[in-house]
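The values are calculated or read from the model by the stated rules, or taken from the named source; none is laboratory data. Keep in mind that what you see is a predicted model, and the values were worked out from it rather than measured. Quick reminder, even Gly has a Cβ in these numbers, built from the backbone with ideal geometry, and neighbours come from all protein chains shown.
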Amino acid sequence: MQKTLKEIAQLIDGEIDGDANALITGVSGIKEASKGDITFLANPKYLPLIEKTHASAIITSRDIEKTTAKSIIRTDNPSLAFAKIVSSFAPAEVIHPKGIHPTAILAKDAVLGKDVAIGPYVVVEQGVSIADRTIIYAGTFIGHHSKIGEETLIYSNVSIRERTTVGSRVIIHSGTVVGADGFGFVSIDGVHHKIPQSGTVEIGDDVEIGANVTIDRARFDKTVIGKGTKIDNLVQIAHNVVIGENSIIVAQVGISGSTTIGKGVTLAGQAGVAGHLTIGDGTIVAGRAGVTKSIPANITVSGFPAKPHETAKRVNAAIQNLPKLYDTVAKLRKKIEELEKWINKGQSQKN
Amino acid sequence: MQKTLKEIAQLIDGEIDGDANALITGVSGIKEASKGDITFLANPKYLPLIEKTHASAIITSRDIEKTTAKSIIRTDNPSLAFAKIVSSFAPAEVIHPKGIHPTAILAKDAVLGKDVAIGPYVVVEQGVSIADRTIIYAGTFIGHHSKIGEETLIYSNVSIRERTTVGSRVIIHSGTVVGADGFGFVSIDGVHHKIPQSGTVEIGDDVEIGANVTIDRARFDKTVIGKGTKIDNLVQIAHNVVIGENSIIVAQVGISGSTTIGKGVTLAGQAGVAGHLTIGDGTIVAGRAGVTKSIPANITVSGFPAKPHETAKRVNAAIQNLPKLYDTVAKLRKKIEELEKWINKGQSQKN
Amino acid sequence: MQKTLKEIAQLIDGEIDGDANALITGVSGIKEASKGDITFLANPKYLPLIEKTHASAIITSRDIEKTTAKSIIRTDNPSLAFAKIVSSFAPAEVIHPKGIHPTAILAKDAVLGKDVAIGPYVVVEQGVSIADRTIIYAGTFIGHHSKIGEETLIYSNVSIRERTTVGSRVIIHSGTVVGADGFGFVSIDGVHHKIPQSGTVEIGDDVEIGANVTIDRARFDKTVIGKGTKIDNLVQIAHNVVIGENSIIVAQVGISGSTTIGKGVTLAGQAGVAGHLTIGDGTIVAGRAGVTKSIPANITVSGFPAKPHETAKRVNAAIQNLPKLYDTVAKLRKKIEELEKWINKGQSQKN
């Protein structure tokens, strides 16, 4: 498969600076690219790579000056443009299941929309509804009275427990468990008694959930993942957590019970959030941060316990300089001792 | 479904302060409750919510004074009482598999107790025994010569490897893997050779294990989870770990190989424990703490490396105040310089 | 099953110091051993256990002096020797699936080598090839056009997405997901648009991957796990990560997108590595360390942000001593105040 730069530029509303008839045969990252590939530059930090890359053409933002013999296509959003190009180059590589596999076990009263595809060994219990064009891969389990929206894609070996609601255009990757019991016990004389977890989970439209994620059902009410929120692999979302729209939850994050996360929030990798807290809209929690108190909207926090990033940076710089501080204090102590000696000497001379 | 306050009070041995004939139509958390709901107050920190909640009635402890127009039911343990009420309100919502599904594959010599339920596409290998009233959901795999106790509940897509012992009244949530090989290699000239993991796993009675947990089999002997211990989602328990009875292991905790955890221990979320350590009975390891040394019984540790909580708090407060300390030291240095100048001046005046 | 010490010594090229005709009936850890067991001592830290253990014989290194009445077998590598002994004692305990189970669903064009074993309810899509003597357990899914090498062992409920390459003699434990989409989005006006993840995953020969691990496919190109690398449970490996040969990735580690890890690297438990970094060959990242910058070869780093271990230790010691430092500074301040008072007094006396 090959395209001219001109064809590519048309696809992304780009402006060519170079040979419009050059043939592009593949797509690649700027570091890994070979001759014939097109690549892109979104992060100015990689600017020096324009010269080093073996790619034949580079998508850049509108403000990049051409300092290379390579062809450039300038466009508004190089990442998005490049995503379009990657799609246009991708062969039809993902062959999803089609139709209802004869080994799929569907309860008699399950309601299936048009063009639903269900792979082998899928189990769909009673009272479930699955809307049009949704695709479910092999070995997935959908518990009773769950509702799955349209054009949703659920990969293999997923477990969705009873009475879960999943929106439309949702993607759930393999091994993920939605709706397992929340972790709730009441301890009487040291023995832990299970508190019934009678609530549900509600996954909004356009959510993506990574592989081997766990999203627990609520104790009562529901655990909610807002529309458009994207969740990476191995994330833990406890009972009664409510996440707003269009948030980003990166891999291995843990969110404890009954915490509310706003809209457009980012929780970076391996961060943790304690229970019963609120994180305001648009706030960013840095990687590995541990949030122990509620956080207002539109700030960045980092560290453990998490603090406003500027404070955390100052504290962290202070920590890194500690060995120096000990030296300084030791020197000051010596000087004071010298002063004291001098004074005592002066006094004893006087006396 | 609706109940009078009187009916509810009888259920929980409670004392009504309000209208005994009021109708309750649902249960809810104190923040989320609507008119007609009953809720509960266990944590005194939420006391101000008694006025704010929209609930029609509130379960409280015996010592709460009534400061609201809402109805109150006082009882000994509001959490436990509320759990009972939730159960009494819950419709028969969880419909477990019943009987042996024709697609379940059972080895000829597998021994099943009375009223065992096995869902579709379950695989039970040779030599397995499953005791009375145990329920196994779709897609779960039970390796050869494993033994499962009575009234145990194993959800979908669980993998239990060979020769594992699971007690009675155990709950294992979806996606969990029990008995995978311990992570053991001996490195010779930089190449890692696998050490056979010939041991097993033994899960005691009344244990609950969350979703996507991993509990490795022992190198030899056995990895042990004590009776009544509760394990949250995405926890890692390495080979030869021994956990005592009635401990609580919160989500995303990792316990390294051959570590022994006592009875009634709590490991809070995202904590880690290094290998070959001992944690004494009743000890609490705070969230995100990293335990690098053995810990005696009945203390609370936090931080990384984990220290007694009071020490860790003092150290942490010291860290947070570091920028101030730097200021203080800078001022002291300046004062010393001034003293030195003054003294030098004095001396030069004398000389 | 029983062996004489003489038989055992021959097996491991060991030198007996004790009764060569003594009968050994089992193997065990040094702490857990009973009479009749053989055990081993590899870590000098456990030397005092030689006296305490109930084992009847102990494998040690060549340099251990006999200070006990128990029998000792000295050998070059006690761990490896003991592994051999454990294997020799182990009954044929793991009974792998044999042949192609009639419920396995194999695409018509799937190519199977000699003596391949495929368990019940396995799904193998079109274009897949599986080489000689590979074993696949129940419920595992292999997506289209994936290639699996020889003598590879894939346990139950694993998901391998399309176009993945898995080498020979690889072991993949239950619940692991290989080839799920990388976590890549481009945000336009606060809404996250999915970037196609068109790349693949390539797992080298002799790799072992633990349970419930996630290894994402590349955005383009491929995510690579080098030959001989061993990965523990619940590890997250993001899109476009490249790991060299014979590295060790311990449980719950997370590696962010496009990071390159060298050969012979160790990432200890719960460590995290940010994206687009390089970690040099032979480097060790300590447990719970958070790597935020690239690291050269052959050093040990720890802490967060990760620093050379000696620096981190110095910084950490400084942190632990902070309360003392505050005391010191307070005392210095007092002394300076006294000096100032004394001087002021002197001055006022003079004036």
- Verdict on residue B:151 being more than 19 Å from residue B:233 (Cα to Cα), more than 14 Å from chain C (Cβ to nearest Cβ) and either in a strand (DSSP E or B) or of a type outside the set (S, T, N, Q) (or both): yes
- Flag for residue A:136 being under 30 Å from residue A:3 (Cα atoms) and of a type in the set (A, V, I, L, M): no
- Query: Would a scan of the range A:140-147 turn up a residue that is surrounded by fewer than 22 Cβ atoms within 10 Å (Cβ to Cβ), under 21 Å from the mean Cα position of the chain (by Cα) and more than 25 Å from residue B:252 (Cα to Cα)?
  - Reply: no
- Message: If I ask for residues that are part of a loop (DSSP other than H, G, I, E, B), touching a Gly at 6+ places or on another chain (Cβ under 7 Å) and closer than 23 Å to residue B:235 by Cβ, which ones from the range A:264-304 would you list?
- Response: A:268, A:269, A:270, A:271, A:274, A:275, A:287, A:288, A:289, A:304
- Task: Can you confirm whether the range A:317-340 contains a residue that is over 19 Å from the mean Cα position of the chain (by Cα) and part of a strand (DSSP E or B)?
- Result: no
- Task: Would you mind stating whether residue A:308 is under 22 Å from residue C:289 (Cα atoms), more than 8 Å from chain B (Cβ to nearest Cβ) and modelled with pLDDT under 90?
- Result: no
- Run residue A:277 past the list (1) outside the structural domain of residue A:244 (by TED's automatic domain parsing); (2) closer than 23 Å to residue B:267 by Cα; (3) of a type in the set (A, V, I, L, M) and report the number of the one that doesn't hold. (1)
- Has the range B:86-96 got any residue that is at the interface with another protein chain (Cβ under 9 Å from one of its Cβ atoms), out of contact with any strand residue (DSSP E or B) (no Cβ under 6 Å at 6 or more places or on another chain) and among the polar types (S, T, N, Q)? yes
- Item | Per-region count, the range A:298-336, residues within 21 Å of residue B:332 (Cβ to Cβ) and not hydroxyl-bearing (Ser, Thr, Tyr) | 19
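Search the range C:177-195 for residues being surrounded by 21 or more Cβ atoms within 10 Å (Cβ to Cβ) and facing chain A (nearest Cβ under 8 Å), and hand back the single one that is nearest to the chain's Cα centre (by Cα).
In this case the residue turns out to be C:177.
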- Query: In the range B:176-192, what count of residues is obtained for those that are touching a Ser or Thr at 6+ places or on another chain (Cβ under 6 Å) and over 23 Å from residue C:206 (Cβ atoms)?
  - Reply: 1
- Note on the structure: Restricting the range B:251-286 to residues that are more than 16 Å from the chain's Cα centre (by Cα) and over 18 Å from residue B:308 (Cβ atoms), the one surrounded by the most Cβ atoms within 10 Å (Cβ to Cβ) turns out to be B:256
- Could you identify the single residue in A:163, A:169 that is within 14 Å of chain B (Cβ to nearest Cβ), surrounded by fewer than 24 Cβ atoms within 10 Å (Cβ to Cβ) and under 27 Å from the mean Cα position of the chain (by Cα)? A:163
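Matching residues to (1) in the same structural domain as residue A:221 (by TED's automatic domain parsing); (2) closer than 23 Å to residue C:125 by Cβ; (3) of a type in the set (Phe, Trp, Tyr):
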site	(1), (2), (3)
A:100	no, yes, no
A:110	yes, no, no
A:116	yes, yes, no
A:125	yes, no, no
A:138	yes, yes, no
A:142	yes, yes, no
A:155	yes, yes, yes
A:158	yes, yes, no
A:165	yes, no, no
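Residue B:134 - would you say it is in contact with a Gly (Cβ under 9 Å, 6 or more places away or on another chain) and outside the structural domain of residue B:22 (by TED's automatic domain parsing)?
Numbers: in contact with a Gly (Cβ under 9 Å, 6 or more places away or on another chain): yes; outside the structural domain of residue B:22 (by TED's automatic domain parsing): yes.
Judged against the criteria, residue B:134 is a match.
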- Query: What tally of residues in the range A:245-266 results from selecting those that are more than 15 Å from residue C:187 (Cβ to Cβ) and more than 7 Å from every other protein chain (Cβ to nearest Cβ)?
  - Reply: 8
- May I ask you to say which residue of A:212, A:240 is touching a residue at least 40 places away in the same chain (Cβ under 8 Å), within 19 Å of residue B:232 (Cα to Cα), assigned by TED's automatic domain parsing to the domain that holds residue A:142 and not small (Gly, Ala, Ser)? A:240
- Only one residue in B:80, B:5, B:23 is within 14 Å of chain A (Cβ to nearest Cβ) and touching a strand residue (DSSP E or B) at 6+ places or on another chain (Cβ under 8 Å). Which one? B:80
- Item | Test for residue A:282: is it on the phi > 0 side of the Ramachandran plot and in contact with a helix residue (DSSP H, G or I) (Cβ under 9 Å, 6 or more places away or on another chain) | no
